[in-house]
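S.K.: Handing you a structure now.
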Amino acid sequence: MAQLTATPLSALVDEPVHIQVTGLTPFQVVCLQASLKDEKGNLFESQAFYKANEVGEVDLERDASVGGDYVGVHPMGLLWSLKPEKLLTRLAKRDVMNTPFQVQVKVCEPYFPIKNVVPHAPKDSLTLERWYVAPGVTRIQVKEGRLRGALFLPPGEGRFPGLIDLFGSTGGLIEFRASLLASHGFAALALAYWGYDDLPPLLEKVDLEYFEEAVEFLLRHPKVLGPGVGVISVCKGAEVGLSMAVNLKNITATVLINGPNFAIGNLHVYRGQTSLPTPTNIEFTSSNALGFAEFYRTYEQTGDVDSRYCFPIEKAEGHFLFVVGEDDKALNSKAHALQATSQLTRNGKKNWTVLSYPGAGHLIEPPYSPLCCASRIPFVSPNIHWGGEVIPHAAAQEHSWKEIQSFLKKHLILDVTSQL
Amino acid sequence: PMFQLIVTPSTALADEPVTIRVTGLPPSQIVTLKATLKDEKENLFQSRAFYKASEAGEVDLEWASALGGDYIGVHPMGLFWSLKPKTAFRRLIKKDVMNSPFYITLDLYDSVSLNDSATIQPKASQMVQRWFSGPGVQRKQIREGRVRGVLFLPPGDGPFPGIIDLFGRIGGVVEFRASLLASRGFVVLALAYFAYEDLPNKLLEVDLEYFEDAANFLLAHPKVQRPGIGVISVSKGAEIGLAMACYLKQVVATVCINGSSVVLDLPLRYKDLVVTPIRLGLERTQVHVSGAARFRYLTDDLWNKLNPQSMLPVEKAQGWILFIVGENDECLDSRGYAERAMQQLQSHGRSRGRMLAYPGAGHLIEPPYSPFCLASWNPGVERPFLWGGDPADHAAAQDHSWGEIQKFFRQHLIPTRSKL
């Protein structure tokens, strides 16, 4: 009797699961499948084929998949190789507090996508719960002054290192990363800045005073440690994050994931000073073989090469962690990180680290998030190719998540003695 | 505005190049050239490229470099081979090759046009006709004995070199390559072998005597050059074509495009001989990030575990063999198979084999300017097949190989006397 086990069945979405099958015949070839329906009913599926050992067991921590959505030894492969039934659908949890994602895992006879062949019933199945919050994390809707967002606090007494979480070109309020960081001991403010509540429906300018209010809000909060805060930011969010680090006080540690080191598309304003958006050559937009738009070349004659447009990163006081997907097709992330860090080095500054991942794309998210290689964003018409190859992208997500947390903890939780 | 879009010739065979020029533009103006085609099922295919006019206000695709869009660089026929389906995974195949052409509309916009707009009209438009048969080519339905297919005859008395044209597991009859070759002076039998008329619906084995019947039929035709015929074959058809070359003395020149040199999946039968196939392990199917199935690794450790009897005995071939290989073929390891066959020829002191390997080309190497197809649906399978290839390299391979294929057939099928 085939038996499928997974430990733990219920866990945080960034925690690994150990999946095993027992009770097969020696060297039997089986198919392991995972499926998930998101909150809008979109189906995501993955499969991998394994050959049992001489005692009829499969252990995903030990055994290599021979085919399917990934090959090789990848204990979490069924999760990060999930693919949408409808191309271009991105997996993103909306309600992070009340419900997990439920992932059905099945072990079955191998079957192949031949039409009119009805698959056999699975030999065994189970459901995993993948949560975006740890027990005891609280969510506070933030509507103070101009600020709009959600503050996630870890359970327990005391103060926690504070950070601002910024997403990019989708607008709205994206909470899943902040809620996970709160589950790991951070007071994380998921901050919206356009396309949410009474914020502008379209981002017209980056008003740094809005983000300064957010820094001050966090530092005032009784559960936030201080004396500075961190920023974790991706894409457009990272453009804002870098601008914040350069202009604002009390930003101790900034994580910039696949962002530009110059203003794109919008003015940045702060107390009367403006940075103009960098001119772009839209005619350098390419298309991949499936017709998805790639924008990463559009600054190759301007921002990529002309330092006049670059943010004066040497003025920032905190530390930087650049996370780069080398296969990013939306932005030339590697070039931007190199340009920014060269500027720091030229100014005698060593307050930076670059983590550069071959094969990773634009959307570097917490571990085990499925790769979304292309999707649509508001106000942009062709579908956008984000880039990334499934296996290296998954590895980048796993590695960078640990590094990001250590980086933030290292700089935000100061040793009392280091202040002497 | 005095823009002029000049496209010549406006009517041509589909394998003939077209010159595209724009004049009367403001100097250095950025323009978009867009191509649109609707196939016989109303599926829309489109391509576009962005160019910068010269100081003299001209764009001539013979020397102008596309800055972005569906291709980059100098590609005079780029708008044709980079045509992409609006609905992913559809492949462009002309069904009626005699009575109608493909109509391609070329539009000029005086700005960067990333998408279609209902409101923005092109500044100039031209339509071209792309025909799959030349004047005087005749098409005859063939039902002789067991043989089923379509025969194409060039105009005139002949005799002409005769060729059997074989496609792969798409089944039925695919006519467009045969009709184009007939337009170039060959008698071509587009031969069906399953899923056509009263032939078996499914391919369960390869009965070489059927193909011998077809070869004999062709050789007996009053317009066909004796003493031998050629075969042009792709994919599964190329494995059959190679088997014909090995066993049938009627076949004196064989072109194998991206086929295997071992008997795969289905038994090969010829008179008393039955060759056991190498098993395809469907559990080794991989899934590409687009969801398409990648079959390249279905054979496990093939060359080490190979039963030599499953290898096609190329040393028995009396005629000439040309292997056309796309090195980025994701459907099978075309280069590996062709190299093995070449080694086998050499080790038996046979010198009538030649391999043309094209870096960056994928599985579906077709006549020039056929739109690059990364992946497409195949009958009876619920996932698209990944064909592989890089668009520009693939286009170059199609261009080069077509000339080589015709030279090869003329060289080996036309007796030297008649070339004087």
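The values are calculated or read from the model by the stated rules, or taken from the named source; none is laboratory data. None of the values given here were measured: they were computed from a predicted structure. Positions of Cβ are generated from backbone atoms using ideal geometry, with glycine treated the same way; all protein chains shown enter the neighbour counts. Accessible surface areas use protein heavy atoms only, side chains included; no ligands, DNA or RNA. Shrake-Rupley method; radii C 1.70, N 1.55, O 1.52, S 1.80 Å.
S.K.: Name, by its number, the condition in (1) in contact with a strand residue (DSSP E or B) (Cβ under 6 Å, 6 or more places away or on another chain); (2) closer than 16 Å to residue B:329 by Cβ that does not hold for residue B:359.
M.R.: (1)
S.K.: Then there's this: Taking residue A:115, is it surrounded by fewer than 18 Cβ atoms within 10 Å (Cβ to Cβ), within 14 Å of another protein chain (Cβ to nearest Cβ) and in contact (Cβ under 8 Å) with a residue 40 or more places away in the chain? Can you show your working first?
M.R.: Details: surrounded by fewer than 18 Cβ atoms within 10 Å (Cβ to Cβ): yes; within 14 Å of another protein chain (Cβ to nearest Cβ): yes; in contact (Cβ under 8 Å) with a residue 40 or more places away in the chain: no.
No; evaluated as a whole, the condition is false for this residue.
S.K.: Further question: Which of the residues that make up segment B:297-326 are open to solvent by 20 Å² or more (accessible area, probe 1.4 Å) and touching a strand residue (DSSP E or B) at 6+ places or on another chain (Cβ under 8 Å)?
M.R.: Correct list: B:297, B:299, B:306, B:307, B:309, B:311, B:318, B:320.
S.K.: So, residue A:307, is that one buried (at least 18 other Cβ atoms within 10 Å of the Cβ) and over 15 Å from residue A:238 (Cβ atoms) or not? Working first, answer last.
M.R.: Working: buried (at least 18 other Cβ atoms within 10 Å of the Cβ): no; over 15 Å from residue A:238 (Cβ atoms): yes.
No; evaluated as a whole, the condition is false for this residue.
S.K.: Quick check on my filter: what residues within segment A:310-357 are farther than 21 Å from residue A:413 by Cα, open to solvent by less than 20 Å² (accessible area, probe 1.4 Å) and aromatic (Phe, Trp, Tyr)?
M.R.: Result: A:311, single match.
S.K.: Additional query: Quickly run through segment A:118-130 and pick out the residues that are more than 14 Å from chain B (Cβ to nearest Cβ) and not hydrophobic (A, V, I, L, M, F, W, C).
M.R.: The answer is A:120, A:122, A:123, A:124, A:125, A:127, A:129, A:130.
S.K.: For the subset of segment B:247-267 comprising residues that are open to solvent by 10 Å² or more (accessible area, probe 1.4 Å) and either touching a Gly at 6+ places or on another chain (Cβ under 7 Å) or within 22 Å of residue B:343 (Cβ to Cβ) (or both), which member is farthest from the other protein chains (Cβ to nearest Cβ)? Can you show your working first?
M.R.: Initially, segment B:247-267 is screened for residues open to solvent by 10 Å² or more (accessible area, probe 1.4 Å), giving B:247, B:249-250, B:252, B:259, B:264-267.
Subset that is either touching a Gly at 6+ places or on another chain (Cβ under 7 Å) or within 22 Å of residue B:343 (Cβ to Cβ) (or both): B:247, B:250, B:252, B:259, B:264.
Values: B:247: 31, B:250: 36, B:252: 38, B:259: 22, B:264: 16 Å.
Selected residue: B:252.
S.K.: For residue A:368, indicate whether it is on the phi > 0 side of the Ramachandran plot and more than 14 Å from chain B (Cβ to nearest Cβ).
M.R.: Numbers: on the phi > 0 side of the Ramachandran plot: yes; more than 14 Å from chain B (Cβ to nearest Cβ): yes.
Considered against the rule, which asks whether it is on the phi > 0 side of the Ramachandran plot and more than 14 Å from chain B (Cβ to nearest Cβ), residue A:368 comes out as yes.
S.K.: Looking at residue B:344 and the list (1) over 30 Å from residue A:86 (Cα atoms); (2) open to solvent by 20 Å² or more (accessible area, probe 1.4 Å); (3) assigned to a loop (DSSP other than H, G, I, E, B), which single condition is not satisfied?
M.R.: (3)
S.K.: Among the candidates A:394, A:360, single out the residue that is open to solvent by less than 50 Å² (accessible area, probe 1.4 Å) and part of a helix (DSSP H, G or I). Let's see the steps before the verdict.
M.R.: Working: A:360 fails: part of a helix (DSSP H, G or I).
After ruling out the rest, the residue left standing is A:394.
S.K.: With the condition kept exactly as written, say whether any residue in segment A:235-250 is over 23 Å from the mean Cα position of the chain (by Cα) and within 14 Å of chain B (Cβ to nearest Cβ).
M.R.: no
S.K.: Turning to a different aspect of this structure: Criterion first (under 25 Å from residue B:351 (Cβ atoms) and of a type in the set (Gly, Ala, Ser)) does residue B:190 satisfy it?
M.R.: No, not satisfied.
S.K.: With A:274, A:298, A:278, A:254 as the choices, which residue is within 14 Å of chain B (Cβ to nearest Cβ) and either within 22 Å of residue A:363 (Cβ to Cβ) or touching a strand residue (DSSP E or B) at 6+ places or on another chain (Cβ under 9 Å) (or both)?
M.R.: A:298
S.K.: Out of all the residues in segment B:396-405, which are open to solvent by less than 20 Å² (accessible area, probe 1.4 Å) and either within 11 Å of chain A (Cβ to nearest Cβ) or under 21 Å from residue B:179 (Cβ atoms) (or both)?
M.R.: So in segment B:396-405, the residues open to solvent by less than 20 Å² (accessible area, probe 1.4 Å) come out as B:397-398, B:401-402, B:405.
Passing the criteria: B:398, B:401, B:402, B:405.
S.K.: Moving on to the next point. Which of the residues belonging to segment A:80-95 are more than 12 Å from every other protein chain (Cβ to nearest Cβ) and open to solvent by 20 Å² or more (accessible area, probe 1.4 Å)?
M.R.: A:90, A:91, A:92, A:94, A:95
S.K.: Would you please list the contacts, defined by Cβ atoms under 9 Å and residues six or more apart or on different chains, that run from a residue in segment A:288-312 that is free of Cβ contacts under 8 Å to residues at least 40 places away in the same chain to a residue that is of a type in the set (Lys, Arg) and surrounded by fewer than 21 Cβ atoms within 10 Å (Cβ to Cβ)?
M.R.: Taking only residues 6 or more apart or on different chains, the pairs are A:304/A:297.
S.K.: Tally the residues that are out of contact with any Leu (no Cβ under 6 Å at 6 or more places or on another chain) and surrounded by fewer than 24 Cβ atoms within 10 Å (Cβ to Cβ), restricting the search to segment A:370-383.
M.R.: Qualifying residue count, segment A:370-383: 6.
S.K.: Among the residues of segment B:234-253, how many are in a helix (DSSP H, G or I) and among the hydroxyl-bearing types (Ser, Thr, Tyr)?
M.R.: So the answer is 1.
S.K.: Just to be sure I understand, how many residues within segment B:268-295 are closer than 20 Å to residue B:203 by Cα, within 14 Å of chain A (Cβ to nearest Cβ) and open to solvent by 30 Å² or more (accessible area, probe 1.4 Å)?
M.R.: 4
S.K.: Could you count how many residues in segment B:13-38 are more than 23 Å from residue B:182 (Cβ to Cβ) and in contact with a Pro (Cβ under 8 Å, 6 or more places away or on another chain)?
M.R.: Residues in segment B:13-38 being more than 23 Å from residue B:182 (Cβ to Cβ) and in contact with a Pro (Cβ under 8 Å, 6 or more places away or on another chain): 4 in total.
S.K.: Answer yes or no as to whether residue B:25 is crowded, with 19+ Cβ neighbours inside 10 Å and over 18 Å from the mean Cα position of the chain (by Cα).
M.R.: The answer is yes for residue B:25.
S.K.: Just for segment B:6-27: of the residues that are more than 19 Å from residue B:121 (Cα to Cα) and among the hydroxyl-bearing types (Ser, Thr, Tyr), which one is farthest from the other protein chains (Cβ to nearest Cβ)?
M.R.: The extreme case among them is B:11.
S.K.: Mind counting the residues in segment B:363-389 that are in a loop (DSSP other than H, G, I, E, B), within 14 Å of chain A (Cβ to nearest Cβ), farther than 20 Å from residue B:35 by Cα and touching a residue at least 60 places away in the same chain (Cβ under 8 Å)?
M.R.: So the count comes out to 9.
S.K.: Looking at A:282, A:257 in this structure, which one is under 18 Å from residue A:384 (Cβ atoms), open to solvent by less than 50 Å² (accessible area, probe 1.4 Å) and not polar (S, T, N, Q)?
M.R.: A:257
S.K.: Got a sec? Which of A:354, A:323, A:380, A:390 is under 29 Å from residue A:290 (Cβ atoms) and more than 15 Å from the chain's Cα centre (by Cα)? Even if it seems obvious, please write down each step before you answer.
M.R.: Details: A:354 fails: under 29 Å from residue A:290 (Cβ atoms); A:323 fails: more than 15 Å from the chain's Cα centre (by Cα); A:390 fails: more than 15 Å from the chain's Cα centre (by Cα).
Criteria check complete, one pass: A:380.
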